[in-house]
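Taking it in order: structure first as structure tokens, then the write-up.
The values are calculated or read from the model by the stated rules, or taken from the named source; none is laboratory data. For clarity, every value in this text was computed on a predicted model and none was experimentally measured. Glycine also receives a Cβ, built like all others from the backbone with ideal geometry; neighbour counts cover every protein chain displayed. Only protein heavy atoms, including side chains, enter the accessible area calculation; ligands, DNA and RNA are left aside. Shrake-Rupley method; radii C 1.70, N 1.55, O 1.52, S 1.80 Å.
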Amino acid sequence: MPTTATLATLTDSDRLTDANWWRQASVYQIYPRSFSDSNGDGLGDIKGITAKVPYLKELGIDAVWLSPFYPSALADGGYDVDDYRDVDPKLGTLADFAEMSAALHGAGIKLIADIVPNHSSNRHVWFQEALAAPKGSAARDRYIFRDGLGENGDLPPSDWDSVFGGPAWERITEPDGTPGQWYMHIFAKEQPDLNWSNREIRDDFLKTLRFWSDRGVDGFRVDVAHALTKDLTEPLIAKADLSEANSGTDGFPDGSHPFWDRDEVHEIYAEWRAVFNEYNPPRTAVAEAWVHATRRARYASPEGLGQAFNFDLLQADFDADEYQAIITRNLAEAEATGASSTWVFSNHDVVRHATRYGLPQVSKGKDHAKGQDGKGWLLAGGPEADLDMALGERRARAATLLMLALPGSAYLYQGEELGLQEVAGIPDAERQDPTFFRNKGVEIGRDGCRVPLPWKVEGTSFGFGDGGAHLPQPDWFSSYAVEAQDGTPGSTLELYRTALKLRRELQGAEELTWHKTGNPEVLHFSRPGGWQSVTNFGDTAVDLPAGTVLVASGPLEDGKLPASTTAWLR
Ligand code: GLC
């Protein structure tokens with residue numbers, strides 16, 4: 001049930017023991033390799049995060065979500081995990097992790113770990129055993145191995161595509177040197193899918209959940225939560241025989257897709273919930289599930305993961321109608337499941353929203369082909385020419401301020417508090433994302449939102465570390481640096497700090513009331529206690545409702561709310 005206590009009245013230690021802490025939390029995503037580098041090897045690390053805990057505390061967030069920090073060859077930025085119960089030696093040690101967790105908790109900040117259950121990496125000891133073991137062995141049964149089609153088995157078992165492009169099957173060489181079986185990988189070939197029908201896999205993940213929960217992890221972000229269970233009854237269904245609705249990657253309203261969003265997946269999460277409830281407060285989880293809107297609630301159920309990302313605002317235009325419809329629908333859904341809603345504009349998979357909102361708008365059929373696909377990934381030969389950075393930043397600030405006034409939890413992505421833009425111009429030779437390689441460069445991939453953060457105006461890698469940055473930072477990063485914005489009135493960083501602090505003070509029950517504005521381009525809602533948020537999506541300044549302005553995403557014009565601006569009042 002919603003907490004009624006105003007969050008501002010909670011001390012740091014109350015906040016840590018409150019079982020409902022997650023319901024309206026502000027969660028800051030750290031992509032560890034690009035956050036802060038303590039040892040000058042060009043990769044961010046765990047000690048780098050620990051050193052920035054005072055920064056995170058001052059920002060005013062409630063929790064950190066840490067993207068994968070496990071041993072990994074980085075074929076997919078760490079989502080290719082070699083060992084689920086260790087820290088990548090490039091990032092630190094378990095002792096460093098303990099120190100970071102203690103420092104975060106000491107600052108009243110919770111820790112959410114990313115867990116990647118759909119696939120391991122091809123370097124995981126299980127996969128290495130599977131390669132060395134014969135066909136039909138227990139070791140192969142931990143993954144999804146099948147014989148190929150055609151006379152010599154040299155055709156893949158089905159024509160399924162991987163999400164990153166190219167086939168979803170890869171052929172192995174058997175231990176005796178002959179061409180062998182194929183294994184399934186929905187993502188890169190370095191990410192073989194695990195077989196979740198195998199009890200050993202299920203038990204091992206329960207062990208992993210306890211391992212991290214015992215080490216101070218308060219919750220989990222579950223990577224591609226909707227892919228774990230599969231119907232691999234043979235013959236495997238051909239792409240052409242999937243119905244149209246079933247052929248996308250975002251699921252199917254009746255759960256009949258062979259690998260996305262099958263009903264059986266929830267049996268797994270019921271077992272996870274039992275483990276979460278062994279702890280006090282119970283561990284929490286949020287599903288990354290790109291599923292049909294009607295099926296999201298299952299992931300968010302209190303008997304399951306408890307919360308699920310809603311990516312609707314992330315995919316929306318900066319448009320009053322769209323926003324209002326999305327907010328209304330998601331709040332109703334959350335109420336029906338007992339979960340709280342989630343809101344997110346940016347993460348490590350999509351073009352930063354300050355840039356998206358400076359590009360031609362994409363949904364409602366508008367200019368869809370120009371530069372972005374449905375998830376806002378940039379396409380090669382993309383839209384830089386059409387980019388209006390100032391407009392993007394202005395809209396992004398307005399959008400974020402609106403989001404921070406909504407009931408539910410707000411997920412923020414590192415660097416958005418600086419108004420950081422996507423880095424579009426990364427040379428091909430320096431790109432890392434498998435999306436780029438597997439699509440032969442048609443989609444330029446996600447490196448542009450993963451460029452190491454600028455902390456200082458000058459110096460090697462703008463204060464990220466002493467040894468350069470693993471992805472190239474453009475010169476314009478200087479003006480976005482923390483140092484440039486710290487204490488600067490009107491900076492995006494100061495806007496986030498002010499808004500996050502006020503959000504804690506003002507937050508009460510998870511209720512929202514819409515108010516008529518008489519202008520289809522203006523959204524006005526209030527929360528209990530007289531907290532109001534007004535956003536002008538239009539092109540001309542409008543009058544504000546009665547009340548005292550607490551904060552605005554940009555300067556007011558003669559007391560009016562200018563275009564692409566949000567204000568909070570009370
Ligand atoms: C999720 C992650 C993404 C990763 C993929 C495969 O969508 O957010 O970064 O590439 O899963 O693990």
Query - Residues within segment 73-92 that are in contact (Cβ under 8 Å) with a residue 40 or more places away in the chain and under 18 Å from Val217 (Cβ atoms), tallied - result: 9
Query raised in the report: Going by the conditions given, is Glu200 more than 16 Å from the ligand (Cβ to nearest atom) and touching a helix residue (DSSP H, G or I) at 6+ places or on another chain (Cβ under 7 Å)?
Result: yes
Query - Considering residues of segment 156-182 that are within 16 Å of the ligand (Cβ to nearest atom) and at pLDDT 95 or above only, the residue farthest from Asp241 (Cα to Cα) - result: Glu170
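Report yes if some residue within segment 110-129 is among the hydroxyl-bearing types (Ser, Thr, Tyr) and modelled with pLDDT under 95; otherwise report no.
No, the conditions are met nowhere in segment 110-129.
Does segment 227-236 include one or more residues that are more than 16 Å from the ligand (Cβ to nearest atom), touching a strand residue (DSSP E or B) at 6+ places or on another chain (Cβ under 7 Å) and at pLDDT below 95?
No; the residues of segment 227-236 include none that is more than 16 Å from the ligand (Cβ to nearest atom), touching a strand residue (DSSP E or B) at 6+ places or on another chain (Cβ under 7 Å) and at pLDDT below 95.
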Report summary line: All conditions in (1) aromatic (Phe, Trp, Tyr); (2) surrounded by 23 or more Cβ atoms within 10 Å (Cβ to Cβ); (3) within 15 Å of the ligand (Cβ to nearest atom) are true of Phe462 except (3)
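Out of all the residues in segment 100-118, is one or more within 16 Å of the ligand (Cβ to nearest atom), open to solvent by less than 30 Å² (accessible area, probe 1.4 Å) and among the acidic types (Asp, Glu)?
There is at least one residue in segment 100-118 that is within 16 Å of the ligand (Cβ to nearest atom), open to solvent by less than 30 Å² (accessible area, probe 1.4 Å) and among the acidic types (Asp, Glu).
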Query raised in the report: Within segment 479-496, which residues are on the phi < 0 side of the Ramachandran plot and open to solvent by 20 Å² or more (accessible area, probe 1.4 Å)?
Result: Ser479, Tyr480, Glu483, Ala484, Asp486, Thr488, Pro489, Glu494
Query raised in the report: Can you spot a residue in segment 368-385 that is at pLDDT below 95 and part of a helix (DSSP H, G or I)?
Result: yes
Query - Any pair with Cβ under 7 angstrom, 6 or more apart, that starts in segment 338-359 at a residue that is on the phi > 0 side of the Ramachandran plot and ends at one that is open to solvent by 10 Å² or more (accessible area, probe 1.4 Å) - result: Gly338/Pro302
Report summary line: Residues of segment 334-345 being assigned to a loop (DSSP other than H, G, I, E, B) and either more than 20 Å from the chain's Cα centre (by Cα) or farther than 18 Å from Thr535 by Cβ (or both), in sequence order, are Gly338, Ala339, Ser340
Report summary line: By residue number, the members of segment 385-434 that are touching a Gly at 6+ places or on another chain (Cβ under 7 Å), touching a residue at least 24 places away in the same chain (Cβ under 8 Å) and of a type in the set (Asp, Glu) are Asp386, Asp388, Glu393, Glu422, Asp433
Requested in this report: Quick one: Trp476 ticks every box in (1) surrounded by fewer than 23 Cβ atoms within 10 Å (Cβ to Cβ); (2) among the aromatic types (Phe, Trp, Tyr); (3) within 16 Å of the ligand (Cβ to nearest atom); (4) within 30 Å of Leu556 (Cβ to Cβ) except a single one, so which number is it?
Outcome: (3)
Query - Residue tally, condition buried (at least 18 other Cβ atoms within 10 Å of the Cβ) and assigned to a helix (DSSP H, G or I), over segment 292-333 - result: 13
Query raised in the report: Looking at segment 188-197, which of the residues that are open to solvent by less than 20 Å² (accessible area, probe 1.4 Å) and not in a strand (DSSP E or B) is farthest from the ligand (Cβ to nearest atom)?
Result: Trp196
Query - Breaking point among (1) within 30 Å of Phe164 (Cα to Cα); (2) under 20 Å from the mean Cα position of the chain (by Cα); (3) more than 16 Å from the ligand (Cβ to nearest atom); (4) not aromatic (Phe, Trp, Tyr), for Pro89 - result: (2)
Report task. Please give the number of the condition Leu391 fails out of (1) more than 29 Å from Tyr79 (Cα to Cα); (2) at pLDDT below 90. Result -> (2)
Report task. Would you point out the residue of segment 524-570, among those that are open to solvent by 50 Å² or more (accessible area, probe 1.4 Å) and assigned to a strand (DSSP E or B), that is farthest from Ala325 (Cα to Cα)? Result -> Glu557
Query raised in the report: How many of the residues in segment 51-75 are in a loop (DSSP other than H, G, I, E, B) and among the β-branched types (Val, Ile, Thr)?
Result: 1
Requested in this report: Please tell me if Arg142 is in contact (Cβ under 8 Å) with a residue 40 or more places away in the chain, among the charged types (D, E, K, R) and within 16 Å of the ligand (Cβ to nearest atom).
Outcome: no
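Would you confirm, using the coordinates I've provided, whether Val362 is farther than 17 Å from Thr400 by Cα and modelled with pLDDT under 95?
Answer is yes for this residue.
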Requested in this report: Write out, first by first residue and then by second, each pair whose Cβ atoms fall under 6 Å of each other, whose residues are 6+ apart or on separate chains, and whose first residue, in segment 440-458, is touching a residue at least 60 places away in the same chain (Cβ under 8 Å) while the second is outside any loop (DSSP other than H, G, I, E, B) and of a type in the set (Phe, Trp, Tyr).
Outcome: Ile444/Phe436; Gly445/Phe436
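Going through Val442, Val451 one at a time, which residue ends up being of a type in the set (A, V, I, L, M), modelled with pLDDT of 85 or more and either within 20 Å of Asp114 (Cα to Cα) or surrounded by fewer than 23 Cβ atoms within 10 Å (Cβ to Cβ) (or both)?
Working: Val442 fails: modelled with pLDDT of 85 or more.
Only one candidate qualifies: Val451.
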Requested in this report: Could you look through segment 288-335, keep only residues that are touching a Lys or Arg at 6+ places or on another chain (Cβ under 8 Å) and among the small types (Gly, Ala, Ser), and pick out the one that is modelled with the lowest pLDDT?
Outcome: Ala293
Query - Exclusive hit being part of a helix (DSSP H, G or I) and in contact with a Ser or Thr (Cβ under 7 Å, 6 or more places away or on another chain), set Gly78, Gly48 - result: Gly48
Query raised in the report: When only residues in segment 19-54 that are open to solvent by less than 20 Å² (accessible area, probe 1.4 Å) and among the hydroxyl-bearing types (Ser, Thr, Tyr) count, which is farthest from the chain's Cα centre (by Cα)?
Result: Ser36
